[in-house]
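Worksheet: the structure to be examined is printed underneath.
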Amino acid sequence: MSREEVSTLIAACRNLKHQTALSVAYGAGLRASEVISLKVGDIDSTRMTLRIQQGKGGKDRYAMLSPVMLERAAHVVARRPCPGKMLDGGWLFPGPQPG
């Protein structure tokens, strides 16, 4: 896909969480299973990396994190609907039942 096509796809999502998940998947080159397995604690904002646990082949690895993706992820975490039910080290992209 071209950059314009990817931008159009991400912009078509009305939900910030979905936009961020697509941005992280594309920008860091992650598989869908790796994106949904991300936890807040996997973000290292100092080194600008994402820790991917048990990725393809059951191996851990690191992926680069751009400043834009870090900012989007921070907005997703800050806008959680049930912050009292979400553990600090919980999922970055929780489902409808955050616990």
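Structural remarks
- Residue-normalised convex hull volume from the C-alpha trace of the chain: 103 Å³ per residue.
- Annotation: amide H-H contacts under 5 Å for Tyr62 (H modelled 1.01 Å from N, sequence separation of 5 or more, or interchain): Ile52.
- Rounded percent of accessible protein surface that carbon and sulfur make up, the chain, 1.4 Å probe: 56 percent
- Cβ charges +1 (Lys, Arg) and -1 (Asp, Glu), total dipole of the chain, debye: 160 debye
- Based on the Kirkwood approach, the hydrodynamic radius assigned to the stretch 1-57 is 12.3 Å, with every pair of different Cα atoms included.
- For the chain: accessible area per residue (Å², 1.4 Å): 68 Å²
- Structure-based [θ]222 nm, the chain - -39500 (n - 2.57) summed over DSSP H runs of at least 4, per residue, nearest 500: -12000 deg cm²/dmol
The values are calculated or read from the model by the stated rules, or taken from the named source; none is laboratory data. Worth saying up front: this structure is predicted, and the values here are computed from it rather than measured. Counting neighbours? That spans all protein chains shown, and the Cβs are built from the backbone with ideal geometry, glycine included. For the accessible areas, the whole protein counts, side chains as well, though only heavy atoms, and no ligand, DNA or RNA atoms are used. Shrake-Rupley method; radii C 1.70, N 1.55, O 1.52, S 1.80 Å.
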